[in-house]
1. Going by the conditions given, is residue B:94 open to solvent by 20 Å² or more (accessible area, probe 1.4 Å), in a helix (DSSP H, G or I) and more than 19 Å from residue B:207 (Cα to Cα)?
2. Show the residue pairs meeting these rules: Cβ distance below 9 Å; 6+ apart or different chains; first residue within the range A:146-159 and within 12 Å of another protein chain (Cβ to nearest Cβ) and farther than 16 Å from residue A:177 by Cα; second residue away from ligand 2 (no atom under 16 Å from the Cβ) and among the charged types (D, E, K, R).
3. Checking the structure you have, find out if any residue of the range B:182-200 is under 16 Å from residue B:123 (Cα atoms), surrounded by 22 or more Cβ atoms within 10 Å (Cβ to Cβ) and either touching a His at 6+ places or on another chain (Cβ under 8 Å) or within 14 Å of chain A (Cβ to nearest Cβ) (or both).
4. Is there a residue being touching a Phe, Trp or Tyr at 6+ places or on another chain (Cβ under 6 Å) and at pLDDT 90 or above anywhere in the range A:31-49?
5. Could you tell me which of the residues A:128, A:103 is touching a residue at least 12 places away in the same chain (Cβ under 8 Å) and more than 16 Å from ligand 1 (Cβ to nearest atom)?
6. Within the set of pairs 6 or more residues apart or between chains, which connect a residue that is near ligand 1 (Cβ under 6 Å from one of its atoms) inside the range A:40-62 to a residue that is part of a strand (DSSP E or B) and among the charged types (D, E, K, R) with Cβ atoms less than 8 Å apart?
7. Take the range A:184-228 and flag every residue that is away from ligand 2 (no atom under 16 Å from the Cβ), among the small types (Gly, Ala, Ser) and within 17 Å of the chain's Cα centre (by Cα).
8. Considering every residue within the range B:220-232, establish whether at least one is over 17 Å from residue B:7 (Cβ atoms), more than 14 Å from every other protein chain (Cβ to nearest Cβ) and in contact with a Lys or Arg (Cβ under 8 Å, 6 or more places away or on another chain).
Amino acid sequence: MISISALAVAYEAQAGRCLALENVSLGLEVGETCAVIGPSGCGKSTLLKVLAGIIKKYSGTVMIDGRPLTPRETKIGFIPQNYGLLPWKTVYQNALLGVTVGRAATGADKARLAALFDQLGLAGLEDRYPGELSGGQQQRVALARAFLLRPTLLLMDEPFSALDAITREELQDVFRHFWRREPIATVLVTHQVEEAVYLGRKLVILSAAPGRVRQVVDNSPVGAVSARSDGSFARQCALVREIIQEAWRK
Amino acid sequence: MSENRPKAWYLYGAVALLVLWQGASVFADLPIVPRPLAVLDNLGRIFGDKIALHSLFSLGRIVAGAVGAMAVGIPVGLGMGYFPRLDRALSPLVYLTYPIPKIALLPVVMLLAGLGETAKIIMIALIIVFQVIIAVRDGVKSIPGEMYYPLYSLGAGFGAVLREILIPASTPRILSAMRIAMATAVSVLFFTETFGTEYGMGYFIMDAWLRVNYLEMYAGIVVLSVLGLILFAAIDWLERRLCRWQSV
Ligand SMILES: Nc1ncnc2c1ncn2[C@@H]1O[C@H](COP(=O)(O)OP(=O)(O)O)[C@@H](O)[C@H]1O
Ligand SMILES: [Mg+2]
């Protein structure tokens, strides 16, 4: 239901125009997770900014159900690379920010948030400020905000890459748990093969800058289903690694 | 403990000042440098029926000037910080006028606004407003772009960006600008109160001087410095209330 076609984005830098994405076409179904893998600087963040309506100058089309995708008409949750928490808001206020833009929080919002905090292990931290949290806790707050919002489209920019390995796997499990309960169309960007294979049903492999779609891999038998210890998981990772090595060499 | 420390420091400052003053007065042994205890004793006797009203006038003018400066400076600074075009248009104007010693504008302000309250308040506002504009503008400019993304992706309009990001991000900057401007504002207030009014600490101190009543003059100076202390303490208090997140 979300379709990107012939997307190209260029930045105006001092040194002249810099092409970040070229001829990117993609489709994303309702309740599908799509993991975009690409080397650093290939335009992954740029792609998310276009989907989030932050970059408005691009060529090509980005449609949802046949209409242009804009944040005014579609509920979009965006977790940027640094989690996007506002330092002057408490954990509680930060988590509510998604639903409270444009309206006041209802009793139902607050009840759901309390439940989310419990499940995410954030109970008791409500009155802290982001500066008083560990990276993993900040990421949990960002996830609480996103799940509370129940967006039509969820965008995550290298959501777990700044965390240590143990915390990263823990949070990937948290994400899968919530996502399975309420499948939200998700685009997540990563440079890690395991993360992509573990969380994505569809893997999109981008080339080095300017980013072009090299290959789309159907990961549905593995992504969001199998455990990390599964043989199928390890085989899929090895396969994707091969494809990537091929794709990034060119 | 950290709550009590500022109070202890204020006390320490007051005691140190009194000791220095006492030393100077013993050393000089002149009527123009009276003993601090004599001054405080005099202050205790005349505060209620003489000085209190003057100090309220001065405080009122400072507060009015500060509020006026914020009412103009915050919107202008926010606009310049957020909209690069507005910044390009207004920056030259701000840079040209900011360095002018505001006291040099006093004759112009008096000509336009008369000798009364308005001119005094405008003078104070003029001192503070530039500091506020520049502090807010730089504060907004230093907000990393990523900070806005979650709001933009929710389709938030300018109102929400203002409320959720621009104002909280610039509040600490506004308060420190006020703190920096306050000392100059009090000096200029003093100056403007030496004419066109019979109320205010400036008037009281100059009047006591002309009457060669040094005890009253010093009592006025003490009150003026306590007034300054109250203003700084109020700014500190606001900062602790509004910017709790900063100390984490
Ligand atoms: N604001 C910008 N101005 C100019 N060039 C930019 C800007 N943002 C990103 N770029 C360039 O666009 C390319 C893609 O950036 P980005 O989307 O952040 O890559 P990734 O997230 O995949 O690491 C990079 O070469 C980067 O230098
Ligand atoms: Mg990036």
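1. Values: open to solvent by 20 Å² or more (accessible area, probe 1.4 Å): no; in a helix (DSSP H, G or I): yes; more than 19 Å from residue B:207 (Cα to Cα): yes.
Spelling it out, it is not the case that residue B:94 is open to solvent by 20 Å² or more (accessible area, probe 1.4 Å), in a helix (DSSP H, G or I) and more than 19 Å from residue B:207 (Cα to Cα).
2. If the second residue must be away from ligand 2 (no atom under 16 Å from the Cβ) and among the charged types (D, E, K, R), the pairs left are A:149/A:75; A:151/A:75; A:152/A:75; A:153/A:75.
3. yes
4. no
5. Answer to the check: A:128.
6. Sorted first by the residue in the range A:40-62, then by its partner, the pairs are A:44/A:157; A:45/A:157.
7. Matches in the range A:184-228: A:185, A:200, A:223, A:224.
8. no
The values are calculated or read from the model by the stated rules, or taken from the named source; none is laboratory data. Since we're looking at a predicted model, the values are computed, not measured. Neighbour counts run over all protein chains shown; Cβ positions are idealised from the backbone, glycine included. Quick note on the areas: whole protein, heavy atoms, side chains included, nothing else; ligands and nucleic acids left out. Shrake-Rupley method; radii C 1.70, N 1.55, O 1.52, S 1.80 Å.
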